[in-house]
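Where a number appears in this text, it was derived from the coordinates with a stated rule and is not lab data. Worth saying up front: this structure is predicted, and the values here are computed from it rather than measured. FYI the Cβ positions are ideal-geometry reconstructions off the backbone, even for glycines, and counts take in every protein chain you see.
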Amino acid sequence: MPFISFVQAQTSRPASRTEEATSSDEMSNLQSLAFKNSRESSSEDESALNDHPSLPAKNYRFPKNQGGRSCQRGWFERFSWLSYQSKSDLVFCQECRRHFKKKGDNTRNVERAFVKTGFNNWKKAIERFKSHEKSQFHVDSVSLNLSYQRGIPVLSLLSQQCNKHQEDARAVLRVIVSSVRYLCRTGQALRGQGKLDGNFLDLLHERSEDVPVLKTWMAKRDKWVSGDVQNELIEIMAHTVQREIVEDVKSSPFYGIIADGTTDVNGDEQFTFCVRWVQSKTLELREEYIGMYNAPDSRAETLYSAIKDMLLRLGLDFHCVRGHCFDGAANMSGRFSGVQKRISDCEPRSLYVHCSNHCLDLVLQEASRSCDIIGDALSTVKDISNVILDSKKRKSAYANIVVSTGGRSRFGERFQAKQFTAALPYAMDR
């Protein structure tokens, strides 16, 4: 080595005792300096591999920075992973340094301030310590270091961590799916005015008090709660229910179809489709709603194509239809080109039945026209409605006295109304 050859060259020259003493002193000084530097570097490396962090002495006074702030002794009791270097007045994460030292510079998601450069921003110390303690690299470092001490293989520990994460994710997903299902069954809206409010998020926060995994998960991330995910879950549930209904319909040799169209507030044609059949095992008559088709128009040809398309998508045989029920509109019940005529031409064994509810509605209309009392009552109701709607003040007064409902487009059954209906016969008898 250059240092050894230099010393040998110096000692090999003939010189006096003074020169020999001087050269020996220089050599000892150089050796001590080299030993000191190597000792400091080795001590830094060894401190990163120690099981316990370096702590300052009890009587040690922490230096203050330019802002008058200094490291606090209580931090080392609160955060047991903190390690202090008195020479540089820096703190490190002992757990992350040990993990980083073993894995090398290829490690990702490392906070350099707690591993390499050191941390001394005492103003935001508590905030940074808390965020670092929750980081994924710190959590993995603590687990891996613990496995090293216990002699557990790293691959086995990683597999256990992966399984634990999967179990927690499954538990959270089950709670999310059940919450969406509950809100859909009760007919409540999932989302509110913004992304951070609504019945769905409120229900999750309420259930997180009983499910610790959900509470921890919601504090870290907000996956699986977006509007797109909610719509996808609802669609999956709807398809699952629809498949069960279709399988039950297929168990019966024949079935009937019921369809009706209406125009919504936006002027779009909404064509609803229902199926009616008899269960083969219990001989129970069932009628279920299958879905809604957004028809571009209300022509008979368009609605007939929509019915055939829905039956094809559901996998139901069109030739098993033995009855079709529509209202009395010309496009549905027309004798020459209506939907019922087109179905009868394709399957002559299917019988057309005029909708009973629509017939009842027509009967009530004719009865109200022929009976003066009913006509006067309906006219009075219409006039009262016009009077209320013409004035904003009257609308406000009417809103205070009218019985409130769950929503304009939602229908609920109130327990108080059921109690009153059940008690009404007893009150009338008395």
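Some observations on this one:
- Kirkwood-Stokes translational diffusion coefficient of segment 188-309, alpha-carbon pairs, 25 °C, 0.890 mPa s, µm²/s: 136
- Taking 0.36 nm per residue of separation and subtracting the current Cα-Cα distance, fully stretching the chain between ALA171 and ASN386 would add 71.9 nm.
- Cα gyration tensor category, rounded, prolate or oblate, for segment 154-225 with a/c compared to 1.5: prolate
- The string of couplings for segment 68-78 from the Karplus curve (6.51, -1.76, 1.60, θ = phi - 60°) is x, 9, 8, 5, 10, 5, x, 5, 6, 7, 6 Hz, one whole number per residue in order, with x for Gly and Pro.
- The label-point distance for GLN85 and ASP372, in a model that sets each label 7 Å from Cα toward Cβ, rounds to 10.5 nm.
- Phi angles across segment 239-246 convert, under the Karplus curve 6.51 cos²θ - 1.76 cosθ + 1.60 with θ = phi - 60°, into 3J(HN,Hα) values of 5, 5, 5, 5, 5, 5, 5, 5 Hz, Gly and Pro given as x.
- Subtracting the Cα-Cα distance of HIS239 and GLN136 from their residue separation scaled by 0.36 nm leaves 33.3 nm.
- Per-residue Karplus couplings for segment 266-278, computed as 6.51 cos²θ - 1.76 cosθ + 1.60 with θ equal to phi - 60°, are listed in order as 8, x, 8, 7, 10, 10, 8, 9, 10, 10, 10, 7, 10 Hz, Gly and Pro entered as x.
- Cα gyration tensor category, rounded, prolate or oblate, for segment 234-360 with a/c compared to 1.5: oblate
- The DSSP beta bridges internal to segment 234-360 are antiparallel in roughly 70% of cases.
- Put a dot 7 Å past the Cα of LEU360, heading toward its Cβ, do the same for TYR148, and the two dots end up 7.9 nm apart.
- The Cβ shell under 13 Å around ASP390 holds other residues with a net charge of +4, Lys and Arg each +1, Asp and Glu each -1.
- Label-point separation, VAL229 to GLN188 (7 Å along Cα→Cβ), nm: 1.9
- Listed residue pairs exceeding 30 Å between alpha carbons, taken from LYS101/LYS134; LYS58/LYS123; LYS130/LYS195; LYS123/LYS164; LYS223/LYS250: LYS123/LYS164; LYS223/LYS250
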